[in-house]
Amino acid sequence: MAGLIAASDLVKLYTMGDETVHALDGVSFEIDRGGYVAIVGPSGSGKSTLMNLIGGLDTPTDGHLYIDGQDIGAMDDSDLAVFRNRTIGFVFQSFNLLPRLTAQENVELPLIYAGVEPKTRKARASELLHRVGLGERISHKPTQLSGGQQQRVAIARALACEPQLLLADEPTGALDTTTGKEIMGLFRALNGEGVCVVLVTHDLDVAAQARRTIEMRDGKIVRDQHAAASA
């Protein structure tokens, strides 16, 4: 299988009272290794549901979703947890840092879950925080960091287990314009190093920086457009 992500006729149904909602209605696509894709669409379009499926946070009602050759729908909760830890890094709008831990300790968390011994995980966390420009903030707690700095810690944490896939849900939504541009520059740099980046965003300026845009509406893909190659 050539792509890192391959979806075939994905369906996701939710029951709300007497009503069945088709959050995803027959969605098919592939995303290459090293791709950079923005998923856009209005609220209720299915983009967040699709992100949850790709992230292994939920499983499809029907259809197939393969990530790195693994069928997400065939995994139980335990297998999914291990798979997420090893293969996928998550970046959220609200950062999701633990307030009582330092930047370094937050970055170490996925490595603890992965069973990495203390000396190695401390070195890895320090390396990643330097990589995202926070080498001088290793011992700071989230309340001592700006929003942009907290998002950099979150990105470092997402990279801790060297994932092939980085999923970002509205990664600039809580940031000012200048800081948002800095974070997007970091995503471009990571993608240039071979990390596949898939982000969900309402911001069309953010989406325009990706190399491919998938637009969703009413649980379906209505547009799948690759950016024109640079001259």
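Where a number appears in this text, it was derived from the coordinates with a stated rule and is not lab data. Source: prediction; values computed, not measured. Methodologically, a virtual Cβ is constructed for each residue, glycine included, from the backbone with ideal geometry; neighbour enumeration extends over all protein chains shown.
Packing around the peptides 88-100, 38-50, taken as the average count of other Cβ atoms within 10 Å per residue, puts them in this order, highest first: 38-50, 88-100. Check cross-link reach from residue 141 to the aspartates and glutamates: straight Cα distance under 17 Å, and skip same-chain residues fewer than eight apart. Result set, ordered by chain and number: 105, 108. 3J(HN,Hα) along the stretch 165-174, derived from phi through the Karplus expression 6.51 cos²θ - 1.76 cosθ + 1.60 where θ = phi - 60°, amounts to 10, 10, 9, 10, 9, 6, x, 10, x, 9 Hz, with x in place of Gly and Pro. Per-residue extension of 0.36 nm, minus the Cα-Cα distance of residue 222 and residue 70, leaves a gain of 52.1 nm for this segment. Between the stretch 89-111 and the stretch 179-209, the alpha-carbon centres lie 19 Å apart. Magnitude of the charge dipole for the stretch 1-137, about its Cα centre and with charges confined to Cβ atoms of Lys, Arg (+1) and Asp, Glu (-1), is about 880 debye. Per the Cα gyration tensor, the stretch 1-77 maps to an equivalent ellipsoid with semi-axes of 22, 15, 10 Å, ordered largest to smallest. Spin-label model, residue 204 to residue 109: label points 7 Å out along the Cα-to-beta-carbon direction sit 3.5 nm apart.
Taking every full run of DSSP H in the chain, none both stretches at least 27 Å from end to end by Cα along its long axis and averages 1.0 or higher on the Kyte-Doolittle scale.
Near the amide H of residue 166, within less than 5 Å, lie the amide hydrogens of 89, 196, 197, 198, all on another chain or at least 5 residues away, with H placed in the peptide plane.
With only Cα atoms counted, the stretch 62-134 has Rg and Dmax values of 14.9, 44 Å. Partners of residue 12 within straight-line reach, counting lysines whose Cα lies under 18 Å from its Cα and excluding those fewer than 8 residues away in the same chain: 47, 220.
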